[in-house]
Amino acid sequence: MGYQEFTIEGRKAVIEAFRAGKPIDKIFILDGCQDGPIMTIKREAKKHDTLIKFVTRERLDQMSETGKHQGVIAYAAAYEYAEVDDILQAAREKGEDPFLFLLDNIEDPHNLGAIIRTANLAGAHGVIIPKNRAAGLTATVAKASAGALNYTPVAKVTNLSKTIGELKKEGIWFVCADMGGTVMYDLNLKGPIGLVIGNEGEGVGRLVKEKCDMVASIPMKGDIDSLNASVAAGVLAYEIVRQRRRRQ
């Protein structure tokens, strides 16, 4: 399990974190601030026994990483990584075929956050990332996910290709994104599925790609040769969503 302390900034983000049951250690509020959202935050903080400190704007500006604290910064105990089994259990509880995102070497935290956000909106049950050569669940990732980290479990595994092998035994099929693959519209992406996305530079690693059942490409008509990893994840995820809606 991974823990890192990080900050949550802005009124909406702090209220969201409380309501999603995130453990918040301490809150810094602009002294004298009494408007509605701040009163809501104070109420939530009291309810959860969270320490409140009233500070000056200068102090908040110094602490802020985004420059958009809106008079409130929370110190959150870090996100806890889920287990792969938790993700499968989430699918079972919803009575749905598992839909997973697996990220191979996504090192940019903004991309990781954006992909977690897409996974949440597309109805995926969770995201699996490798321990090495990948961004972890840092503050930047949490912000880029726009609250999705509160709802979408993320599991960290030692070996992505080994995990794919184990999940195949659970009846999950794997599709990876690669420019040399079959156009995504020509693939059957229904049923239990894992979507594997690599980084912009190298794409999906060879060992991971060899484990996948299908290789999907996104048709592109422009003059540049690739999409940002988080955009590619979104395009493929929504083709999966479209096919899942149509059922068999």
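The values are calculated or read from the model by the stated rules, or taken from the named source; none is laboratory data. Fair warning: this is a prediction, and the values are worked out from it, not measured in the lab. Every residue, glycine as well, gets a Cβ built from its backbone with ideal geometry; the counts of neighbours run over all protein chains shown. Ligands, DNA and RNA are stripped out before the accessible areas are found, and what is left, the full protein with its side chains, is counted by its heavy atoms. Shrake-Rupley method; radii C 1.70, N 1.55, O 1.52, S 1.80 Å.
Before moving on, here are some points about what is shown:
- When cysteine pairs in the chain are screened for C-beta atoms closer than 4.7 angstrom, the residues that find no partner are CYS33.
- Surface share of carbon and sulfur [accessible, 1.4 angstrom probe, percent] for the stretch 89-248: 49
- With all protein chains modelled, accessible area of HIS110 [1.4 Å, Å²]: 110
- All Cα-Cα separations within the chain were binned at 10 Å from zero, giving a P(r) of 7, 30, 30, 19, 11, 3, 0, each value a whole percent of the pairs.
- Segment LYS221-ASP97, length gained on full extension (0.36 nm per residue, minus Cα span): 41.4 nm
- Considering only GLN89, GLN34, GLN70, the mean-square fluctuation computed in a Gaussian network model of the chain, springs between alpha carbons under 10 angstrom, is largest for GLN34.
- q = 0.10 Å⁻¹, the stretch 143-233: log10 I(q)/I(0) [Debye, one scatterer per Cα]: -0.29
- Residue among ILE129, ILE41, ILE87 with the largest mean-square fluctuation in a Gaussian network model of the chain, springs linking Cα atoms under 10 Å: ILE41
- Note on THR182 and ASP61: the model spin-label points, each 7 Å out from Cα along the C-beta direction, lie 5.9 nm apart.
- Per residue accessible area in Å² of the stretch 149-248, where ligands, DNA and RNA are left out and the probe is 1.4 Å: 54
- Relative to the compact-globule estimate of 2.2 N^0.38 Å, the Cα radius of gyration of the stretch 5-122 comes out at 1.27.
- 1.4 Å probe accessible area per residue over the stretch 1-76, in Å²: 57
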